[in-house]
Structures are given as structure tokens and as C-alpha cells.
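The values are calculated or read from the model by the stated rules, or taken from the named source; none is laboratory data. If you're wondering where the values come from, they're calculated on a predicted model, not measured in any experiment. Cβ coordinates were reconstructed from backbone atoms using ideal geometry, including for glycine residues, and neighbour counts include every protein chain displayed.
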Amino acid sequence: MAIALRQINPDVFPAFPITPSTEIPQYFASFVANGQVDTEFIPVESEHSSMSAAIGASAAGARSLTATSSCGMAYMWEELYIAASNRLPLALALVNRALSGPININCDHSDSMGARDSGWIQIYAENNQEAYDNMVQAYRISEHRDVRLPIMICQDGFITSHAVENIELLEDEEVKNFVGEYEPENYLLNPECPMAVGPYSITDYYMEAKRNQAEGMRNVSRVVLEVAKEYAALSGREYGLFEEYCLDDAETAMVIIGSAAGTAKDAVDKLRAAGEKVGLLKIRLYRPFPADEIAAALSHVKAIAVMDRAEGYTNHGGPLGADVMAALFRAKSDALAVNYIYGLGGRDVRVEDAEGVFATLKQMIKDGDAGETYRYLGIRE
Amino acid sequence: MNVTVIQERKRKEMSNLTEIRWHGRGGQGAKTAALLLADVAFQTGKYVQGFPEYGPERMGAPITAYNRISDTKIRVHSNIYDPQYVVVVDESLLETVDVTSGLKKDGAILVNTQRTKEEILPHLKGYEGEVYLIDAYKVSMATMGRYFPNTPLLAAIVKVAGIMDEETFLREMRASFSHKFASKPEVIDGNMAALKMAFQEVR
Amino acid sequence: MATDISKLGVKAKWRDLTEGMVVAGAGTSREFNTGEWSANKPVFIEDKCKQCLLCAPVCPDSSIPVKDMKRGAFDYEHCKGCGICVKACPFGAITMEGVK
């Protein structure tokens, strides 16, 4: 992630450290010290300030970003909405970590899931390669004139952020050319045309302003695919809104986000080798949520497990569960679907756990009944 | 992807996957050793993973770190429960941690100790596989003048698990150290000497 | 490009708003007739005025134009009738119905 940022060479990077995202600004600070980037690196006193400074820099006309995790993101909550409503295309490198309490520093998706309605684009990665590739594509999506929205590039805390894994990097020059220069139409530091940002909006305007903002979100899926296509031509690595793995003829399928998708793919291979028609759908773009496309990809599947690495405390499941179920409902799906809460606070997910989920799905088809649709995976009962 | 292709790939993957679990104490460098091992194996063209089981960083508390090394792409992101190799960086852990848990019979355990195999065996809960020992204290003190058990153990596990030949390993490690210790090159020779000596000292 | 604020009235449709509701271009507040926000207006009694100019800088709405070191007539398009100028004038040259 830090290397992608070095290659992008953003203009302004305010940061406040919090585990497990600390190493991103830490490595980046050394790039600044070594003169490898000419970024203005601003050590600030809190996440409230880091996001505020990133917003100010972005409004001024600079390409800016910050990084955080967990409680750090919680502390920039107010600013998340400001960045989105001001249509500022800045980036946030989010290393997913649980929110307290009990106090925990390990991976789950509670932090970014909580911010799913803030108006940010959210893209998730299974491994470090994807985190890198997503970061390189980030500004092309967020700065696109039909989008102009902030973007959150998420990866799993520790599981991928602190793991040494193989990764293929692009050449510095390739990244530079791919990302291009940031050229906003209006910006604060333009003496030719000064600008007012972040106005008060009375009731007469507020809803129209929000609808206007939503239009940017509606264009995101198209732009994500356009950028991915260009990126594939450059890198040879293909990305979509989500990844379908052995899904074409699958009777049972898992919908999942993040590093556990890799583990679940091994379970899919194992079960496929035993003749089971199992498949997987891994979410890449979570906000906006590609509901129609996901429902279409799952249209032939008889039983579905939606995996949430965050609680929703709705008494019927987590955030991804709600989104997928709503998508299926709108598509008039008659699939049996359950929602698992798993991997909270870094709880390990094994290949065997994923196999167990597929076994449950198979049984659901046999019974013709989903049973309890809100479940915990691998909980000690 | 059709099923035959998956089966073929899976078979290949299973036969080439090496899984290693490290048991150490906070501050002994087990995590660093696992990350270094991943780095050095990567240099030989392998697919690698090196990752610690994270928690609050507490000096002296038991910690676990892991390595996967494979000829094919690694996607699984779970901890390792049935390793082929276990490295025990601190032998006092033999009493408090179930270090041989899930350890494959056709694998091996490597223990850092000054004791003999006969003395160590009763602490391995009847483990039937191969047992290797190294006195990392002796190696470390002789070559670096201070106790850094992870450097000798890194060399020892490379030898025990046959991850690469000694010559390649030493060449890649020198390159790695030159990068890692760019600001204090004086420690490189000591570390290199520790690696070389450890290759000879594994019992 | 400067924002055409004449198109941003309360009848404006969502598509016609600017992205992020930004207003580009300087001095656009001149286009808003904030003077209609008040029924009370100050009255300038030119005979009593010594042109000391104490009133001009205290006006929050820049509604007292100054030209050639002399103040002119009130800009009622933007004056909100706050009455601060009445208090600032030492010569009773500004009065206001309802404000003492």
C-alpha cells in the first residue's frame, strides 16, 4: 500500500498513527525523508485533524489522502460526511480493525461497515496484491468528472497488512502515467476564480444537494469497470465489481469480503474436487452496492450464505447480509439464504470453517428450509 | 475453471506446500525470522506467506508466527494448525505451550536448546517425527556477542526443511541484511557468521 | 468557471445545483438581495453628517458605500437594518424607526 502511494506521489498526506494502519504513514514518511516523493507530509494530533487536513488540501486543489483503522476512523466520522458531501476526491487507506469493546486490535470490518452510508466509495481487497492494485486505481475512479467522491481502499488488518506475501508491482513510471495529474475544475487556490466550499444548506436545498451527490455514486460502477479495463491492459490483472469463483454452475454459494475469501476458495476447490457444486462471490466494490449485478450472478444458486465480518445488531444479521438479501428480494429470488457473522476481532477462519458453511447450505436445500437465518460461525456454544 | 484443472492444481499445491509454525517469546525475533524466511524464499521464486499471530506486544509473552512456502499461489489466510515443521525459539515454552499440536509425523521439530535429544524428548508429548536441536545461544554469542536466537534458528530451519541450499540462502540473506541494516552495516558480518555457523551446528 | 448564481434559486432542480454546492467566483454575495430580510432601514440625514466615516467600517453588510473619502446613500439591497451605524454615528446623522 505504501509503495503504491509512493508511486502515486500524492500532494498532501496528513496522518495520525493507529495500529494496524501505522506502517503506511510510517513507510511513507521515510519516502518523504529520502526525497523519493515530494508530498507534503503533515503529522497531526488526531484523526479528526488528519481527515480535516486532507479535506482542506483536497479543496485547495491538491491530491490528498490519509490512512487509519478502527477507532481512528470513528474519530474522523464527522469529516467523512463532509468529504463526501463536498465532492472531494480524496483517498483513505483503511486497514480494517475491530472497534472496541472489548478492546481489540485485530481484524474485522466493523469500522468501514459503520461508514458504509457516509457517501464514500468503498473497495475491498483479498490480499496485498489487490490492495496495491486497488490503490493504484483509486484516484482514477474518485477524481473522474462523473464521480468526484472520496474513496476508501480497505484491506484486512494484520491478516494481510502485516503479512509478507508475493506481490507484483508496476514500474513507477507506469503508475505515474496511469494515475495522471489531478486537474480539478475549481479549487480554493485558484486566484482566477476563488471559491466557496462547504456551504450551509437550508431545508429548501438540502434534499436536492443529496440527490445531486447520489448521482455521483450512480456513476461509480461504470467508472470502476472502465478503470479496471484500462488497468488490466497495463497490469494483466483483471478486476470487476466483484469476483465470481466457480459460480457458473454452483448450487450453493458464499458471498464474502476480504482475506477470508482466499481461504474459502481453497474450500471451494476441495469440495469441487469431491464433486460438490459450490461457488463463491467476493465483493470488491461494496459502496455503491452493485445489487442488480450480484442478484443476477446468484440467480441460479439454490442456497446462499452471506458472510459478515461485522455485527449489525439488527437481530437478523450484518450489513452485507442486509444488502444481499435486499438485492435478492428485489430480483424476486427464491433462493434460501442465511447470514453468518464470522471472524470478529481477528477470529481465525479456516478452510474447514468454510467447508462447514457449504455443508450447511447443502443441508438447507435438502430440508427446503433455511432455518435460522442469522448465525454465528465457529462460536463456542 | 473446470474441476479437472482445479484437482490437478490442488494436487500440485498439496505436494509442494511447506507450512512452518514458530513458537517464541515477545522480543526474541520469531516474527522477524518468519518474515525474513518469507522474503528469502520469495527470492528463489516461491510463493510465500510470513505472518505473526498479532496481539498486544508484550515482551516475554508467548507468540506464534507462521510461514507458508509453495510452488503455487497461496490464497488461504488462516493460521497453521497442522504444520510440517515447528520451530521452538525458547525451550521454556515446551512446558507451557502445546508446541507439537497438529505437527505432522513425517515433519520435524527444531528446538533451541543446550540440552541433548534424550533430555528434550520427554517434553515433546510423544512426538514421533524427527527432532532437531541447535544451541542458538552458543552460535549467537560466538558470532554476534549478544543473544539473538532468531538468526541461528532461521538458518537451522532452512536446512532442516530443505527450503534452499546453503549457498543460495547465504547469498540472498546477505542481500537482505545489506538492505535491512543499511544504516548499521557493522552488524551484517556477525549475522552472516551466525547463519553459517548455525548451518553446521544443527544436530 | 464562475458559478451562475442566478440559477440557484429555491426553484432550482437537483441537476442544476453545483457539485458539493460549491460557489465558484468572487463577490457573488452581491447578487443576493439580503436587504429584503428586514423592514427597518436606517435613514441618512446628510445635513448632520460631518463625513467622519465612523459608520462605514462597522457595517456588517458593507452597505455604506464610500467614494472619494465621502460616504454615500445606503445600499438598501443589502442592508439588513441592524442599526449598528445608528449607534456609531456621533452626530445623529443616522436614525432608524424602531431602533433607539
- Task: Within the stretch A:47-64, track down each residue that is in contact with a helix residue (DSSP H, G or I) (Cβ under 6 Å, 6 or more places away or on another chain) and closer than 10 Å to residue A:11 by Cβ.
- Result: A:64
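Residue by residue, here is whether (1) of a type outside the set (Gly, Ala, Ser); (2) crowded, with 23+ Cβ neighbours inside 10 Å; (3) in contact with a strand residue (DSSP E or B) (Cβ under 6 Å, 6 or more places away or on another chain); (4) over 23 Å from residue A:217 (Cβ atoms) holds:
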| residue | (1), (2), (3), (4) |
| --- | --- |
| A:38 | yes, no, no, yes |
| A:42 | yes, no, yes, yes |
| A:58 | no, yes, yes, no |
| A:78 | yes, no, no, no |
| A:82 | yes, no, no, no |
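Just need a number here: residues in the stretch A:102-112 that are closer than 23 Å to residue A:4 by Cβ and either part of a loop (DSSP other than H, G, I, E, B) or within 14 Å of chain C (Cβ to nearest Cβ) (or both).
Going through the stretch A:102-112 one residue at a time, the tally reaches 2.
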- Looking at this structure, is residue A:228 assigned by TED's automatic domain parsing to the domain that holds residue A:89, farther than 30 Å from residue A:336 by Cα, touching a Ser or Thr at 6+ places or on another chain (Cβ under 7 Å) and crowded, with 16+ Cβ neighbours inside 10 Å? no
- Message: I need the full set of residues from the stretch A:309-322 which are buried (at least 21 other Cβ atoms within 10 Å of the Cβ) and more than 24 Å from residue A:367 (Cα to Cα), in order please.
- Response: A:309, A:310, A:318, A:319, A:320
- Query: Hey, among the residues in the stretch A:113-159 that are under 23 Å from residue B:75 (Cβ atoms) and among the polar types (S, T, N, Q), which one's farthest from the other protein chains (Cβ to nearest Cβ)?
  - Reply: A:137
- Task: Tell me, yes or no, whether the stretch C:50-59 has at least one residue that is more than 17 Å from the chain's Cα centre (by Cα) and of a type in the set (S, T, N, Q).
- Result: yes
- Output yes when any residue across the stretch A:323-339 is in contact with a Gly (Cβ under 9 Å, 6 or more places away or on another chain), part of a loop (DSSP other than H, G, I, E, B) and over 17 Å from residue A:291 (Cβ atoms), and no when none is. no
- Message: So residue A:346 passes all but one of these: (1) on the phi < 0 side of the Ramachandran plot; (2) buried (at least 17 other Cβ atoms within 10 Å of the Cβ). Which condition number does it fail?
- Response: (1)
- Scanning for something part of a helix (DSSP H, G or I) and out of contact with any Phe, Trp or Tyr (no Cβ under 9 Å at 6 or more places or on another chain), does the stretch C:63-85 turn up at least one residue? yes
- Task: Could you pull out the residue among A:262, A:216 that is within 12 Å of chain B (Cβ to nearest Cβ) and either surrounded by 21 or more Cβ atoms within 10 Å (Cβ to Cβ) or among the basic types (Lys, Arg) (or both)?
- Result: A:262
- Message: Residues that are more than 21 Å from residue B:123 (Cβ to Cβ), more than 8 Å from chain A (Cβ to nearest Cβ) and not aromatic (Phe, Trp, Tyr), at least 3 per element: which strands (runs of 3 or more DSSP E) completely within the stretch B:34-102 meet that?
- Response: B:62-70
